[in-house]
Every structure is written in C-alpha cells, then in structure tokens.
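S.K.: Next up is a structure, given as structure tokens.
The values are calculated or read from the model by the stated rules, or taken from the named source; none is laboratory data. Bear in mind the structure is a predicted one, so any value in this text is a computation, not a measurement. Don't worry about glycine lacking a Cβ; one is built from the backbone with ideal geometry, like all the others, and counts go over all protein chains shown.
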Amino acid sequence: MRNIILDMGNVLLNYDPAHFVQREDLPPEDRALLLKHVFRAPEWPMMDAGAMDEPEFERLVYARIPERLHATARRLIYGWEDPVEPIPGMAELVKDCKARGMGVYLLSNASRRQPQYWPTIPGHEYFDGTVVSAFERQVKPGPEIYRILLDRFALDPADCLFVDDMPQNVEGARKVGMQGFLFKGNADELRDYIFSH
C-alpha cells in the first residue's frame, strides 16, 4: 500500500448538519427550518456536483425561509465548517503516513468553496494532491472521479487505499481497483489497518 486517499467530511473533520444547526441560538422550530432548507435542500448536492454555487443556492434558500433566518442561513451556507472540528487523531495519522513515505491524497464531494477552508483543517499540509468534485463536475461514487484522481497523480489503483465514511463511496473505489476502508470515526482503527497491510 503506497498511497492513502481520504475523504474529507467525517474523515478529516466533523460534518454533521444537525449539529451545525444545533450550535445556533435559535428556537427548535427555526433550527428545523434551517436544517430542511439549507443542508437537506435538494439543491445542496448540486453544489458538490459543480452545477450551482453558493450565491445561487443562497437566493433559493432565502425565498423559502422567513427573513429573520436569512443571516443565520448565510452563515451556515458560507461557514458551516467554522469552527473546524477535526476528527481526533487523523492529522497525526496523515503525518505518520507521510513520514513512512506514503502518498496522501484527498478525494472529496465538496463545493467550490473547499479551497477557502482547506488550509484550516489540521494535517492538510501533508497532502500531495486534492480532487474536489465541484471542480470536476463528477461526484462519488461514480467511477469517473476516482479515475480522474488516479490519472492526475499517476497512481496505480492496486497501490491505493481509499478511506470514506459512506459505504457506497468505498464500493465505488473498489470498482476501479482500489482497496477500500469504511471509516467509522476511529483513527486508531484506521492506523492499525494501514500499518498492518
């Protein structure tokens, strides 16, 4: 195993929309509205697919919620990751993989905002390359985005371990010849797997 390919949300940092909404000082009914019309809106995945950007999405959301919630919706749309909540142990694991001579890459379904907050995620400095869905207009688990990463960085899929918290994305990686690991939030479990194979 020469290369580790990591997902971002729930692998490197916490991605939990219900938690992000819960952080807001609002009545429960307003939190429910924001969860429904921001994170669970049908257009949210379109930003990951590169078919829509945040300003376009913001306008749609404003039309669906009361004006009193516009400022909070904007903060969630443009800053759900602030403050970043790293997954414990993952930055250290990435650093140790690099120290052992492995390549480390990111493959993430994310919007075009991703480069803005990527530098705030602990361990980002050890990555050899990133592929973000919005810029490729391809999303996991479709095979094309995995092939884009393999081709761009001249990687042999047989030498790669792909790590994701979504079973369908791990299966997508396996279909193009990579090894796969379903991450459940435990960096020590992943460390044991990497360094014993």
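S.K.: Scan M46, M8 and give me the residue that is surrounded by 16 or more Cβ atoms within 10 Å (Cβ to Cβ), free of Cβ contacts under 8 Å to residues at least 24 places away in the same chain, touching a Phe, Trp or Tyr at 6+ places or on another chain (Cβ under 9 Å) and of a type in the set (A, V, I, L, M, F, W, C). Working first, answer last.
M.R.: Details: M8 fails: free of Cβ contacts under 8 Å to residues at least 24 places away in the same chain.
Within the list M46, M8, the selection yields M46.
S.K.: Tell me which of these D82 doesn't satisfy, since it passes every other one: (1) part of a helix (DSSP H, G or I); (2) within 18 Å of the chain's Cα centre (by Cα); (3) farther than 13 Å from I4 by Cβ; (4) not small (G, A, S).
M.R.: (1)
S.K.: For segment 140-152, give me each residue that is part of a loop (DSSP other than H, G, I, E, B) and either of a type in the set (F, W, Y) or surrounded by fewer than 20 Cβ atoms within 10 Å (Cβ to Cβ) (or both). Before you say what the answer is, go through the steps one by one.
M.R.: From segment 140-152, those part of a loop (DSSP other than H, G, I, E, B) are 140-142; that's our starting set.
Hits for segment 140-152 are P141, G142.
S.K.: Still on this structure: Scanning segment 153-163 for residues that are in contact with a strand residue (DSSP E or B) (Cβ under 7 Å, 6 or more places away or on another chain) and either outside the structural domain of S108 (by TED's automatic domain parsing) or not in a loop (DSSP other than H, G, I, E, B) (or both), which turns out surrounded by the fewest Cβ atoms within 10 Å (Cβ to Cβ)? Spell out how you get there, then give the answer.
M.R.: Pass one, segment 153-163, residues in contact with a strand residue (DSSP E or B) (Cβ under 7 Å, 6 or more places away or on another chain): 153, 155, 159-163.
Among the residues that remain, those that are also either outside the structural domain of S108 (by TED's automatic domain parsing) or not in a loop (DSSP other than H, G, I, E, B) (or both) are: 159-163.
Details: D159: 15, C160: 26, L161: 21, F162: 26, V163: 24.
My answer is D159.
S.K.: Just checking, does segment 123-135 include any residue being within 30 Å of G177 (Cβ to Cβ), in contact with a strand residue (DSSP E or B) (Cβ under 7 Å, 6 or more places away or on another chain), in contact (Cβ under 8 Å) with a residue 12 or more places away in the chain and acidic (D, E)?
M.R.: Yes, the conditions are met somewhere in segment 123-135.
S.K.: Any residue at all in segment 112-125 that's closer than 29 Å to V21 by Cα, part of a loop (DSSP other than H, G, I, E, B) and of a type in the set (G, A, S)?
M.R.: Scanning segment 112-125, I find at least one residue that is closer than 29 Å to V21 by Cα, part of a loop (DSSP other than H, G, I, E, B) and of a type in the set (G, A, S), so the answer is yes.
S.K.: Moving on. Scan the helices (runs of 4 or more DSSP H) fully inside segment 1-59 and keep the ones with 3 or more residues being under 28 Å from Y126 (Cβ atoms).
M.R.: By residue number, 17-22.
S.K.: Same structure again: Go through segment 72-115 and give me each residue that's touching a strand residue (DSSP E or B) at 6+ places or on another chain (Cβ under 7 Å), closer than 17 Å to D192 by Cβ and of a type in the set (A, V, I, L, M).
M.R.: Keep residues of segment 72-115 that are touching a strand residue (DSSP E or B) at 6+ places or on another chain (Cβ under 7 Å), which gives 81, 84-87, 94, 97-98, 102-108, 110, 114.
Next, only the ones that are closer than 17 Å to D192 by Cβ stay: 87, 94, 97, 102.
Listed by number, the residues that qualify are I87, V94, M102.
S.K.: Does segment 172-192 hold any residues that are closer than 15 Å to C160 by Cβ, in contact (Cβ under 8 Å) with a residue 24 or more places away in the chain and not in a loop (DSSP other than H, G, I, E, B), and which are they?
M.R.: G172, A173, K175, Q179, L190 - these are the residues of segment 172-192 that are closer than 15 Å to C160 by Cβ, in contact (Cβ under 8 Å) with a residue 24 or more places away in the chain and not in a loop (DSSP other than H, G, I, E, B).
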